[in-house]
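Trainee: Submitted below is the structure of interest, expressed as structure tokens.
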Amino acid sequence: MKNVFLLIFVFSTLLMTAQTRIIAHRGYFQAQIPTAENSLKALQNAQALKVYGSEFDVRRSADGILVVNHDEHHGDMEIAETPYEDLKKLMLSNGEKLPTLKQYLKHGKRDPEVKLIVELKPAKTKILEDEIVKQTLQLVKKLGLESQTEFISFSLNICREIRKQEPDSVVHYLNGDLSPQQLKDENLNGLDYHYKLLTEKHPEWIREARALGLKTNAWTVNDPEIYHQLKNQGIDFVTTNIPEQLLKN
């Protein structure tokens, strides 16, 4: 009986001391001096905060260059239909050129303590998605960033392909339509869902994921009250535009 009480005490202590870690959404662009989201400066700002990780979005240009940008378009140019030479002529709002994934990863490598959270955006075909996964993993390996890099995607095919091509990679699913058990069956590492799904519709998924050995993340948490609610539910990570504020809470 004494051993049972000891186990309960240890487990309770672990729950109370477990910390929810912060991921900067598209870098830390809403800093005291604002900068462009997904820019090298936004990544540098996130590194200076010493957050767990900095998230950014990856797309592929018409000539096969992987670039960092959230939207399908850069200005009025559709990235997938435009060569990089044309894309880089249009500067970001902070005066930087549209960064390539290679440039971004090299910058990220300067601070190995901050994880690089790579969101691979869905493409128009499975063949193209598979090629983007292959290119990305080759680049990560070439730069020696396997242990610093984690992956997320709304595309289940992309998540599956990452695990197929690199079984040791960390992959979280974004779309919100799979339960923790389904994610476990897909051999993924965890869920990364919109915060409303985890606070309103399926709050039990955080507990279920933990029981299955999966990690949990919520996006995009820009309200300290929501952050505390998720923290009390035992979530592992939150992705936010206000990392500096949440680090103080």
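Trainee: Do we have any residue at all in region 36-46 that's out of contact with any Gly (no Cβ under 8 Å at 6 or more places or on another chain) and farther than 18 Å from Ile23 by Cβ?
Mentor: Yes: one or more hits.
Trainee: What do you reckon, is Ile22 at pLDDT 95 or above, surrounded by fewer than 10 Cβ atoms within 10 Å (Cβ to Cβ) and within 25 Å of Asn249 (Cβ to Cβ)?
Mentor: The answer is no for Ile22.
Trainee: Look at region 233-245 and say how many of its residues are crowded, with 22+ Cβ neighbours inside 10 Å and assigned to a helix (DSSP H, G or I).
Mentor: Residues in region 233-245 being crowded, with 22+ Cβ neighbours inside 10 Å and assigned to a helix (DSSP H, G or I): 1 in total.
Trainee: OK, next. Checking the condition free of Cβ contacts under 8 Å to residues at least 24 places away in the same chain and touching a Ser or Thr at 6+ places or on another chain (Cβ under 7 Å), which residue from Pro34, Pro83 passes?
Mentor: Going through Pro34, Pro83 in turn, the sole match is Pro83.
Trainee: Can you tell me which residue in region 193-232 is farthest from Tyr52 (Cα to Cα), limited to those that are part of a helix (DSSP H, G or I) and aromatic (Phe, Trp, Tyr)?
Mentor: Looking at residues that are part of a helix (DSSP H, G or I) and aromatic (Phe, Trp, Tyr), I get Trp205.
Trainee: Name the residue that is farthest from Glu244 (Cα to Cα), counting only residues in region 191-228 that are in contact (Cβ under 8 Å) with a residue 60 or more places away in the chain and touching a Phe, Trp or Tyr at 6+ places or on another chain (Cβ under 8 Å).
Mentor: Asn217
Trainee: OK, next. Do the conditions hold for Asp223, that is, is it closer than 24 Å to Gln47 by Cα and within 13 Å of the chain's Cα centre (by Cα)?
Mentor: So Asp223 fails the test.
Trainee: Got at least one residue in region 148-171 being among the polar types (S, T, N, Q), over 22 Å from Ser54 (Cα atoms) and surrounded by fewer than 17 Cβ atoms within 10 Å (Cβ to Cβ)?
Mentor: Yes, region 148-171 contains a residue that is among the polar types (S, T, N, Q), over 22 Å from Ser54 (Cα atoms) and surrounded by fewer than 17 Cβ atoms within 10 Å (Cβ to Cβ).
Trainee: Now, a different point. In the set Val133, Val140, which member is out of contact with any Lys or Arg (no Cβ under 6 Å at 6 or more places or on another chain), surrounded by 17 or more Cβ atoms within 10 Å (Cβ to Cβ) and more than 19 Å from Asn38 (Cα to Cα)?
Mentor: Val133
Trainee: Shifting gears a bit: Identify all residues within region 194-217 that are polar (S, T, N, Q) and closer than 10 Å to Asp236 by Cα; write none if there are none.
Mentor: Across region 194-217, the qualifying residues are Thr216, Asn217.
Trainee: Just give me the residues in region 19-42 being touching a strand residue (DSSP E or B) at 6+ places or on another chain (Cβ under 7 Å) and either closer than 13 Å to Pro243 by Cβ or in a strand (DSSP E or B) (or both), in sequence order.
Mentor: Thr20, Arg21, Ile22, Ile23, Ala24, His25, Arg26, Gly27
Trainee: Could you list all residues from region 52-70 that are of a type in the set (Ser, Thr, Tyr) and within 24 Å of Thr240 (Cβ to Cβ)?
Mentor: Tyr52, Ser54
Trainee: I'd like to know if region 178-190 contains one or more residues that are touching a residue at least 12 places away in the same chain (Cβ under 8 Å), in contact with a helix residue (DSSP H, G or I) (Cβ under 9 Å, 6 or more places away or on another chain), more than 30 Å from Lys141 (Cβ to Cβ) and part of a loop (DSSP other than H, G, I, E, B).
Mentor: yes
The values are calculated or read from the model by the stated rules, or taken from the named source; none is laboratory data. Computed from a predicted structure; not experimentally measured. Note: ideal-geometry Cβ built from the backbone for every residue, glycine included; neighbour counts use all protein chains shown.
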